[in-house]
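Bear in mind that the values in this text are calculations on the coordinates, not laboratory data. On a predicted model such as this, the values are computed, not experimentally measured, just so you know. Glycine also receives a Cβ, built like all others from the backbone with ideal geometry; neighbour counts cover every protein chain displayed.
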Amino acid sequence: MSTLLSTHEVALLLNVTETTIKRWADEGRLPCSKTLGGHRKFEMENIIKFAEKNGIPLSGVLPPPMTASQVDQLQLGIITRNYKKIADVLYEEILQSDREGVTDLFLYLFKHHIPFYIIADEIVRPALAKIGDLWEKGEISVHEEHIASQTVTEALIRIAPDIHRKPSNGLSAVFACFEGELHDIGLRTLAYAFESEGWRIHYLGPNTPTESIISFVKILKPELVALSFTIIQSEEKIIEELKEIVREIHAHKGKLIIGGYQIQENSKIGQYCDRVVNSTSDALAFAADVFDLKRGPKLKKKLN
């Protein structure tokens, strides 16, 4: 069954007023049904046919192979920029461990010119959060959670060459997870987002020893270093390592940002970096502000 849309949603799809939609429906030009309460409901299939017949521009890009319901939800989410709907579709694909499906979905979003930082923050992140919730509730096993994460990781690796990149801004950044930290999807999406903004990235990945991070910083002298960790086993040890790392970064006037699941609630650790970031857009905005880059998302209020 095709997805049923409200008058408001159809108006957003066709970029007209709700009054116009109601008039077209009353004239019989736009098929609809009515609820017992008198509210008009429109099928996505009929909306697409109407748009094509009347020359209203909708993308001709074919959606990835999925159920009719998923296609309707995906197309509605893209046209109205309702990213929650797209995240829900991604969540379903991840649960099926469909690497090809997740890859095709990402590529479809690229073709609709959705910026990568939005894909990271508004689509990938909430989808994975729902997977994490299932694991915490015991509704999926550890190995199923790992397979889900691996599905996303492999899809991200596959789409890397297709990410649109702005011209080089002459800046470089290093991305790494602390030693013992194996979850790197958030870090990987952050690195890809910076690369799409014209940065030269050096991705060290998960489980990177502190001495390796310091060695890379000494050699490369990057303008920015991004570190991620979700599990804090020893706060004192992390703080001592951060002191060493930030000392080396600041020696050449670089900046250090850190992020991760638990770091948001640990203000003590956050004192030993230039910024604690809570999203990809937040990190990009901080970099744009510090390095005087004109483009990028609007800078959000800094964390205390």
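Could you state the angle between the C-alpha long axis of helix 280-290 and the longest principal axis of the C-alpha atoms of the chain, as a value from 0 to 90 degrees rounded to the nearest 10?
Between helix and principal axis, roughly 60 degrees.
Which trypsin sites (Lys or Arg not before Pro) in segment 145-192 sit in a loop by DSSP (not H, G, I, E or B) and have at most 15 other Cβ atoms within 10 Å of their own Cβ?
Sites meeting the loop and neighbour criteria: R165.
Helix 142-159 versus the longest principal axis of the chain: what angle, 0 to 90°, nearest 10, using Cα atoms?
Taking Cα atoms only, the helix is inclined about 80 degrees.
Add -39500 (n - 2.57) for each DSSP H run of 4 or more in the chain, then divide by its residues: what number comes out at 222 nm, to the nearest 500 deg cm²/dmol?
Result for the chain: -15500 deg cm²/dmol, rounded to the nearest 500.
Test of understanding: what is the full-extension gain from T35 to E154, defined as 0.36 nm times their sequence separation minus their Cα-Cα distance?
Full-extension gain reported as 38.4 nm.
Which residue, A148, A191, A251, has the most motion in a Gaussian network model of the chain that connects Cα atoms within less than 10 Å?
A251
Taking a ≥ b ≥ c as the square roots of the eigenvalues of the Cα gyration tensor of segment 1-58, is the shape rounded (a/c under 1.5), prolate (a/b larger than b/c) or oblate?
In terms of gyration-tensor shape, prolate.
Straight-line reach only, C-alpha to C-alpha below 18 angstrom: list the aspartates and glutamates that K268 could link to, leaving out same-chain residues fewer than 8 apart.
Excluding near neighbours in sequence, the set is E235, E236, E240, E241, E244.
Restricting to lysine pairs 8 or more places apart or on different chains, what number in segment 1-157 have Cα atoms under 30 Å apart?
Lysine pair count for segment 1-157: 29.
Under the definition of Cα pairs under 8 Å and six or more residues apart, what whole-number percent is the relative contact order of segment 1-58?
Relative contact order of segment 1-58: 37 percent.
What do you get for the angle between helix 44-53 and the principal long axis of the chain? Use alpha-carbon atoms, 0 to 90 degrees, nearest ten.
It is inclined by approximately 80 degrees.
Which order, highest average first, do 193-200, 167-174 follow once you tally other Cβ atoms within 10 Å for each residue and take the mean per peptide?
193-200, 167-174
Identify the GluC sites (Glu not before Pro) of segment 73-149 meeting these criteria: DSSP loop state and at most 14 other C-beta atoms within 10 Å of the C-beta.
Here the GluC sites (Glu not before Pro) that fit, given the DSSP loop and packing criteria, are E139.
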